[in-house]
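Worksheet for the structure shown next.
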Amino acid sequence: MIKNPIPWPNGAKCACAISFDVDADSLIHVARPKDSYNRLYPITMGRYGPTVAIPRILETYRRLGLKQSFFIPAWTMEHYPAAVEAVLEAGHEIGHHGFIHEDPSESSDAEQRYWFEKALDVHVRMTGRKPRGYRAPVYNATQTTIDLLIEHGFLYDSSLMADDIPYRMKTPKGELYEAPPHWGSDDWPPFAHYAEIGYMMPVKAPAEGLAASFEEFEAQYEAGGFWMGIWHPFLTGRLARWRVVERWLEDVLLNKADVWFATLEDIIKHVDSLQKNGDYNVRTEELPYFDAPVMLR
């Protein structure tokens, strides 16, 4: 049960977005900066995302008439401009995902600002606009992250997990919407087998690995909520896994006419419009949650 369900457009029962984090080989360069350039296996595993998986994913979206969201580190955008152009030409959203997938929680405030704004410059140069949405690498947003997003006029974050449906975060700096992710609909736990960056998941069969995401969707659909996949092209965009996704999408679109697939930007714009028009009261979280280390008090 969702206590405060959002009224979705045209009587839709559930709002859905598949968000892809297009990390490519940025991950190995962050994890092993001294010799990443010579680690060919993880480089090629990452390259599979923008070079092979993205065209496959975009073709499915074109065939099914879907517009969806991609979060891309700026370093990846610069190194794979053809993938960026293809996503933009197809009318999809590109969100901010750090510069080279650096962890905000491991950076000083000054370092975080530097990389955040450096990435923002790349977005403006390559897409012609500032992104409206952000996802922190490894979901590790800090209070500084939220303040930077508000300062730069972002509409939403998609890193934090305080609700089942979009909510609002209010801070002394201003307000920001949250499109909450959850590990239950993330493809990293079932598919990430990546020793070089410290992950050795037991790889599941495509249908088994994606079953968790699909069960999360069913629960949100029954409750009239919000479902979001948090997937990676070099994981879920592989041939057998994407075949499972295609069949699932075809089934949902055929048999559940009351499901609204949209970009995260459009979903949050809808919530914001409801709030501003007085048609819905968005639940608000007050930040910061703490102002000092709890264990030292």
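The values are calculated or read from the model by the stated rules, or taken from the named source; none is laboratory data. Bear in mind that the values here come from a model prediction, so they are computed numbers and not experimental data. Please note: Cβ atoms are built from the backbone with ideal geometry, for glycine as well, and neighbour counts cover all protein chains shown. Each accessible area value is taken on the protein alone, full model and side chains, heavy atoms only, with ligands, DNA and RNA left out. Shrake-Rupley method; radii C 1.70, N 1.55, O 1.52, S 1.80 Å.
Assorted remarks:
- Stretching the chain fully between Glu175 and Asn38 yields a gain of 44.9 nm (0.36 nm per residue, less the alpha carbon separation).
- One chain, two ends: Asn10 and Glu286. Fully extended at 0.36 nm per residue, the span grows by 96.2 nm beyond their Cα-Cα distance.
- Of Trp242, Phe290, Gly229, farthest towards positive along the dipole that unit charges on Lys, Arg, Asp, Glu beta carbons give segment 229-292: Trp242
- Average accessible area per residue (Å²) across segment 1-58 - probe 1.4 Å, nucleic acids and ligands excluded: 47 Å²
- Contour minus Cα-Cα distance for Leu88 and Arg63 (0.36 nm per residue): 7.4 nm
- Computed from label points 7 Å out along Cα-Cβ, the spacing between Glu78 and Leu239 is 3.4 nm.
- In this structure, the amide hydrogen of Tyr199, modeled 1.01 Å from its nitrogen in the peptide plane, lies closer than 5 angstrom to those of Tyr194, counting only residues at least 5 positions away or on a different chain.
- Seen through its C-alpha gyration tensor, with square-root eigenvalues sorted a ≥ b ≥ c, segment 95-237 comes out oblate because a/c lies at 1.5 or above while a/b is not bigger than b/c.
- Modelled spin-label separation between Met201 and Asn255, with each label point placed 7 Å from Cα along the Cα-to-Cβ direction: 2.5 nm.
- Per atom type, the chain shows carbon and sulfur on 53% of its accessible surface, probed at 1.4 Å.
- Take the Kirkwood radius over Cα pairs of segment 178-296, plug it into Stokes-Einstein at 25 °C and 0.890 mPa s, and you get 144 µm²/s for translational diffusion.
- Cα Rg over Rh - the chain, Kirkwood: 0.95
- Rg and Dmax over the alpha-carbon atoms of segment 1-140 stand at 16.6, 54 Å.
- Think of the chain as a dipole: +1 on every Lys or Arg Cβ, -1 on every Asp or Glu Cβ, centred on the Cα centre; then among Asn281, Val87, Ala162, Val87 lies furthest on the positive end.
- Ligands, DNA and RNA aside, Leu88 has an accessible area near 60 Å² when probed at 1.4 Å.
- Net charge, Glu93 excluded, C-beta distance under 12 Å - Lys, Arg +1, Asp, Glu -1: +3
- Heavy-atom accessible area per residue - segment 143-189, 1.4 Å, Å²: 33 Å²
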